[in-house]
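All remarks here apply to the structure that follows.
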Amino acid sequence: MSDEPTYILDTPVTDITGTDEAQKVQVKNAEGGTFTLTFDGDTTAPIAFDATAGAVEDALAALNNLEADEVAVAGTLAEGASVTFSGAWGDQDVPVLTADATALVEEDEKTAEVVITTTVAGAGTAVQRGTGDADRTGEVSPLSGSSPTADREANGASYGDA
Ligand SMILES: [Ca+2]
Ligand SMILES: [Ca+2]
C-alpha cells in the first residue's frame, strides 16, 4: 500500500482538463511612446502604445522564456488585449506580466499607464476523479489551485487514507 495519502471526492468532478491562463493588457491615457512587458524576469523590447496584437505577440515570443506557440495575443491594447499562455506554459498558474509605462506619452495630462489583470487563472490537469480512490500525486490540487483540503471544503468531499 502506498504511503501517499488517498484523496476521495464524494462528488464526481467532470472538469478534468487544465486551464490555460489569460491576462489582459490595457494601455490607458497614452497618445504615443512605448512600454515594455516583463514575464518571469525577462523583459521585451519596447512595444508601441498602439501596437497590434500580432506585434505584442511577437515581442513576447521573442523572450527567452516564451516561444511563439506558447503565447497568443488578441484584441487591442486600447480596449485591453488578451494574452493567453499555452504549451509549456499551459495548464498552470503562470506569473502575471508586469509593465514599464514610463516611456509612454500621456494624453490630456492624464497619467499614461499599462493595466494588467488576470482574466483566467491557469490551473493544472486534475489527477483525482469521481467517487473512487486515487493516489494524490501533487502537493497543489488542480481543482482549487491550493490544496486538497480546500477542495474538500469547496466540494464537500472527504479526504483520508483508504
Ligand atoms: Ca522566445
Ligand atoms: Ca497567474
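Values in this text are rule-based calculations from the coordinates and carry no lab data. Computed from a prediction, not measured in an experiment: that's the story for all the values here. Because the Cβ atoms are built from the backbone with ideal geometry, glycine has one as well, and the counts that use them run over all protein chains shown.
The table that follows gives values for the structure above.
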{"quantity": "Summed side-chain charge close to residue 83 - residues other than residue 83 whose Cβ falls under 10 Å, Lys, Arg +1, Asp, Glu -1", "calculated": "-1"}
{"quantity": "FRET efficiency, 1/(1 + (r/R0)^6) with R0 41 Å, evaluated for residue 105 and residue 67 via beta carbons", "calculated": "0.80"}
{"quantity": "Cβ-defined net charge surrounding residue 116, 13 Å radius [Lys, Arg +1; Asp, Glu -1]", "calculated": "-1"}
{"quantity": "Tensor-based shape of segment 24-120 (alpha-carbon gyration tensor, a/c under 1.5 rounded, otherwise prolate or oblate)", "calculated": "prolate"}
